[in-house]
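These notes are about the structure you will find just below.
The values are calculated or read from the model by the stated rules, or taken from the named source; none is laboratory data. From a predicted model like this one, the values you see are computed outputs, not experimental measurements. Cβ sites come from the backbone with ideal geometry, for glycine too, and all protein chains shown count toward neighbours. When the accessible area is computed, the model is the full protein with side chains, heavy atoms only, and any ligands, DNA or RNA have been set aside. Shrake-Rupley method; radii C 1.70, N 1.55, O 1.52, S 1.80 Å.
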Amino acid sequence: TQLPEDPFRGMEEVQEPPYSPEQLIFLAEMHPVHSAALEQKTADIVGTGSEWTTDDDEADDEQRAALTAWLEGLAPDEETFHELMLAAWGDTEAVGWGLLEVARDVNGDVKRLYHVPAHTTRFHRDGVRIVQVRGGQKVWFQRWGAPTGGKTVDKKTGAMSKSPRNPANEVLVLKRPSRRSTWYGIPGYVSAIGWLTLALAVRDDNIHFFHNRREPRWAIVLTNLQESPHLEDDLRSAF
């Protein structure tokens, strides 16, 4: 299956992932067992949600309620915090890394978290900047906690300065360990990609077989052949 032209082509400052994220997403959508395994693993890790626990018996229940409201308030209006984490960690299992955009108010306080699809992003070689290309548009982010020397990324140009005209939002990176890349994580199933591809090839071959009503796909007709007791063996050898 053909993929569209790489939207990151020509951006020499960004690092290419060890494996094509678009192909990994495609693979997760094509194989039912693989897809279910990724979803189940994500559900096992994220769990059924979060809960605040007390350090002592004098903990204030009102503070617990306020903390719970604050955490749930970080998620966009159309989804819960649990759903937000499922989306981000789902990317981590399928692609190798997951991203959460951190939006702040004018006072610098964190107000919202948004899921950023991992396959639409690439990491800058400096490990600080992350770019997203989607729908022909490009936006830059700044990695949460990365050392910047007091500079901030401009979300439109990607340049770093003390006072950028368009300060970029930060991105919290969830990443699986990787032996092949400093920037990207690698999903745990990469060693099984060949077997997944083989299973899909078997599926497609069976589809062609039954779609053709189990009839031969080719008929080879030979004419003007001289009779020979070895004719059948000669034909088998030739083909």
Across (1) over 18 Å from Glu170 (Cβ atoms); (2) in contact with a Phe, Trp or Tyr (Cβ under 7 Å, 6 or more places away or on another chain); (3) in contact (Cβ under 8 Å) with a residue 60 or more places away in the chain, Trp97 clears everything bar (1)
Enumerate the pairs (first residue in segment 19-39 and assigned to a helix (DSSP H, G or I); second residue anywhere and modelled with pLDDT under 90 and not basic (Lys, Arg)) with beta-carbon separation below 6 Å, excluding pairs fewer than 6 apart on the same chain, so at least 6 apart or on different chains.
Glu22/Leu3
For a quick check of your reading of the model, give me the residue pairs whose first member lies in segment 220-234 and is in a helix (DSSP H, G or I), whose second is of a type in the set (A, V, I, L, M, F, W, C), with beta-carbon atoms closer than 7 Å and at least 6 apart or on different chains.
Leu231/Leu225
Output the number of residues of segment 27-51 satisfying the condition of being over 30 Å from Leu200 (Cβ atoms) and open to solvent by 90 Å² or more (accessible area, probe 1.4 Å).
2
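I'd like to check something: does segment 210-218 contain any residue that is at positive phi and part of a loop (DSSP other than H, G, I, E, B)?
At the first step, the residues of segment 210-218 found to be at positive phi are 213-214.
Next cut, part of a loop (DSSP other than H, G, I, E, B) only: 213-214.
Yes, that holds for at least one residue.
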Kindly check whether there is at least one residue in segment 144-151 that is under 20 Å from the mean Cα position of the chain (by Cα) and either of a type outside the set (Ser, Thr, Tyr) or open to solvent by 50 Å² or more (accessible area, probe 1.4 Å) (or both).
yes
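Can you tell me how many residues in segment 121-144 are touching a Leu at 6+ places or on another chain (Cβ under 9 Å) and within 23 Å of Ile25 (Cβ to Cβ)? If you could, list the steps in order and put the result at the bottom.
As a first pass, look at segment 121-144 and keep what is touching a Leu at 6+ places or on another chain (Cβ under 9 Å): 121, 130, 132, 141, 143-144.
Applying the additional criterion that residues be within 23 Å of Ile25 (Cβ to Cβ) yields 121, 130, 132, 141, 143.
Of the residues in that region, 5 qualify.
Mind checking which residues of segment 143-158 are out of contact with any Phe, Trp or Tyr (no Cβ under 6 Å at 6 or more places or on another chain) and more than 16 Å from Trp97 (Cβ to Cβ)?
Step one: of segment 143-158, the residues out of contact with any Phe, Trp or Tyr (no Cβ under 6 Å at 6 or more places or on another chain) are 143-152, 154, 156-157.
Hits for segment 143-158 are Pro147, Thr148, Gly149, Gly150, Lys151, Thr152, Asp154, Lys156, Thr157.
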Looking at (1) of a type outside the set (Lys, Arg); (2) under 26 Å from Pro76 (Cβ atoms); (3) under 15 Å from the mean Cα position of the chain (by Cα), can you tell me which one Trp183 breaks?
(2)
I want to confirm something. Restricting to segment 54-103 and keeping residues that are touching a helix residue (DSSP H, G or I) at 6+ places or on another chain (Cβ under 9 Å) and hydroxyl-bearing (Ser, Thr, Tyr), which single residue is farthest from Gly188 (Cα to Cα)?
Thr54
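Right, Glu78: outside any helix (DSSP H, G or I) and in contact (Cβ under 8 Å) with a residue 60 or more places away in the chain or not? Give the steps one after another, and end with the answer.
On the way: outside any helix (DSSP H, G or I): yes; in contact (Cβ under 8 Å) with a residue 60 or more places away in the chain: no.
It is false that Glu78 is outside any helix (DSSP H, G or I) and in contact (Cβ under 8 Å) with a residue 60 or more places away in the chain.
I'd like to verify a number: residues in segment 165-186 that are touching a residue at least 40 places away in the same chain (Cβ under 8 Å), outside any strand (DSSP E or B) and of a type outside the set (A, V, I, L, M), how many? Even if it seems obvious, please write down each step before you answer.
Applying the first criterion (touching a residue at least 40 places away in the same chain (Cβ under 8 Å)) to segment 165-186 yields 169-176, 178, 180-186.
So of that shortlist, the ones also outside any strand (DSSP E or B) come out as 169, 176, 178, 180-186.
Filter again for of a type outside the set (A, V, I, L, M), leaving 169, 176, 178, 180-185.
Going through segment 165-186 one residue at a time, the tally reaches 9.
Here's a check for you: in segment 88-104, which residue that is of a type in the set (Asp, Glu) and more than 8 Å from Ala118 (Cβ to Cβ) is most open to solvent (accessible area, probe 1.4 Å)? Even if it seems obvious, please write down each step before you answer.
Start the filter on segment 88-104 by keeping residues that are of a type in the set (Asp, Glu), which leaves 91, 93, 101.
Cutting the leftovers down to more than 8 Å from Ala118 (Cβ to Cβ) gives us 93, 101.
On the way: Glu93: 3, Glu101: 38 Å².
Across segment 88-104, the extreme among qualifying residues is Glu101.
So how many residues does segment 170-218 have that are among the hydroxyl-bearing types (Ser, Thr, Tyr) and open to solvent by 70 Å² or more (accessible area, probe 1.4 Å)? Spell out the reasoning first.
Going through segment 170-218, the residues among the hydroxyl-bearing types (Ser, Thr, Tyr) turn out to be 178, 181-182, 184, 189, 191, 197.
Narrowing further to those that are open to solvent by 70 Å² or more (accessible area, probe 1.4 Å): 182, 191, 197.
Count: 3.
When you scan segment 114-164 for strands (runs of 3 or more DSSP E) that lie fully inside it, which ones turn up with 2 or more residues that are more than 16 Å from Pro21 (Cβ to Cβ)? I'd like the intermediate steps shown before the answer.
On the way: elements: 121-124, 129-134, 137-143.
Here the list reads 137-143.
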What pairs come out if I take residues in segment 43-55 that are assigned to a helix (DSSP H, G or I) and pair them with residues that are of a type in the set (D, E, K, R) whose C-beta lies under 9 Å away, six or more apart or interchain?
Ile45/Glu93
